[in-house]
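Here the structure comes first, spelled out in structure tokens, and everything after it is commentary.
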Amino acid sequence: MGNLGIRKFKAFAWGENVFGQLGDGTNSDSNTPVHVIVTTVTALAAGASHTLALLSDGTVRAWGRNLEGQLGNGGNADSNTPVRVRGISNVIAIAAGGFHSLALLSDGTVQAWGSNFFGQLGDETNTDRNTPVSVSGLTNVIAIAAGRDHSLALLSNGTVRAWGLNNSGQLGDGSNTDSNVPLSVSGLTEVTAIAGGEFHSLALLSDDTARAWGDNSSGQLGDGTNISRNTSVSVSGLTNVRALAGGGAHSLALLSDGTVQAWGNNVFGQLGDESNINRNTPVSVSRLTDITAIAGGDAHSLAILYDGTVRAWGLNSSGQLGDGTNTNRNIPVRVSRLTDVNVISGGGAHSLALELK
């Protein structure tokens, strides 16, 4: 994709914008990508109605809904332009939950802010925070992920910690009890990547297979049943997995051959298999090859092709597919205008992309 040393990153957003989550200074939905008013971005993360951006200097900007403090700027007013998250630096990764936010620091610790009703900030309280607080007892973290109301951390030893809402077993500790401190996910070792869905969780293992736990009412765990699980189960028939992504009630896997598999809820076509039938085992996303990255929104899905263009499918009521329409799609369509994209993220009803310009 060219010489990164002389090219600049440019952030784009599209879809729902009622809270300003597109970051373009308006509150108008857009069914094609609009430019976010922020520069030097290296990573993006979309929550239900808010957005996070990691800048090259290790600080974080946020915009959109802020009722629960998820923008981390010390206030609770929504913002349709980026504001600085207070008091954190040396950030190397970000994750957005439904109404909370996470940041991984270079020292292997994690900061969290926003909604904390279920303990998803992991600070041993259930008090919302509009500035970052430390997640208790976490060190040696190498990756983070978030569900709607729960949080996940991958440690350097290949084990996983989880905290927050656990009504469907999404913490994976063998119980259905919420926790405001990180707990060990039972029986998981040699994990290389993690992902959060709305009420479920996913893990990629070193043997390139996938595990899942939590809500399974739509088949989003992919184990051939619709039984929720509070410990992890294998996703049926998946091998050679390179990346995982969680949607609202669906899941995605990128395989080593550049194709994508999907499972779970498909009411709006978010599995991309040319049907609207829920699936409790993985199916191939139609007409997708040469994929390099995937992301899941609440009821839509995204993929980057090798050529830097983006495809999207599923619910499109707010324009979150970015194809210039508001028509739902059960097969992938091209997102308008975008080329040279290397990062994507899916939110509640909005989408994000980072492009080299």
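Only residues that are in contact (Cβ under 8 Å) with a residue 60 or more places away in the chain and part of a strand (DSSP E or B) were counted across segment 220-237, and they come to 4. Among the residues of segment 48-62, those identified as under 15 Å from residue 354 (Cβ atoms) and of a type outside the set (Gly, Ala, Ser) are 51, 52, 54, 55, 60, 61.
The selection criterion, being closer than 16 Å to residue 30 by Cβ, free of Cβ contacts under 8 Å to residues at least 40 places away in the same chain and not in a loop (DSSP other than H, G, I, E, B), does not hold for residue 262.
Yes or no: segment 184-200 includes at least one residue that is modelled with pLDDT of 95 or more, assigned to a strand (DSSP E or B), in contact with an Asp or Glu (Cβ under 9 Å, 6 or more places away or on another chain) and within 21 Å of residue 60 (Cα to Cα). No: segment 184-200 contains no residue that is modelled with pLDDT of 95 or more, assigned to a strand (DSSP E or B), in contact with an Asp or Glu (Cβ under 9 Å, 6 or more places away or on another chain) and within 21 Å of residue 60 (Cα to Cα). Only one of (1) within 24 Å of residue 48 (Cα to Cα); (2) assigned to a loop (DSSP other than H, G, I, E, B) fails for residue 273. Which number is that? Among (1) within 24 Å of residue 48 (Cα to Cα); (2) assigned to a loop (DSSP other than H, G, I, E, B), residue 273 violates only (1).
Out of the residues in segment 272-322 meeting the condition of being of a type in the set (Gly, Ala, Ser) and farther than 24 Å from residue 98 by Cβ, tell me which one is surrounded by the most Cβ atoms within 10 Å (Cβ to Cβ). Applying the filter and picking the extreme gives 308.
Residue selection: residue 201 fails the criterion of being farther than 21 Å from residue 270 by Cβ and either over 19 Å from the mean Cα position of the chain (by Cα) or touching a residue at least 24 places away in the same chain (Cβ under 8 Å) (or both). Of all residues in segment 234-255, those that are buried (at least 17 other Cβ atoms within 10 Å of the Cβ) and either over 28 Å from residue 349 (Cβ atoms) or hydrophobic (A, V, I, L, M, F, W, C) (or both) total 11.
Every residue, every condition in (1) closer than 27 Å to residue 42 by Cβ; (2) touching a Phe, Trp or Tyr at 6+ places or on another chain (Cβ under 8 Å); (3) modelled with pLDDT under 95, yes or no:
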site	(1), (2), (3)
256	yes, no, no
297	yes, no, no
318	yes, no, no
322	yes, yes, no
326	no, no, no
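If you go through segment 132-166 and keep only what is within 12 Å of residue 109 (Cα to Cα) and of a type in the set (Gly, Ala, Ser), you end up with 134, 136, 137, 143, 153, 156.
Restrict the check to segment 160-179 and report whether at least one residue is under 28 Å from residue 315 (Cα atoms) and basic (Lys, Arg). No - not one qualifying residue is present in segment 160-179.
The values are calculated or read from the model by the stated rules, or taken from the named source; none is laboratory data. Keep in mind it's a predicted model, so treat the numbers as computed, not measured. Because the Cβ atoms are built from the backbone with ideal geometry, glycine has one as well, and the counts that use them run over all protein chains shown.
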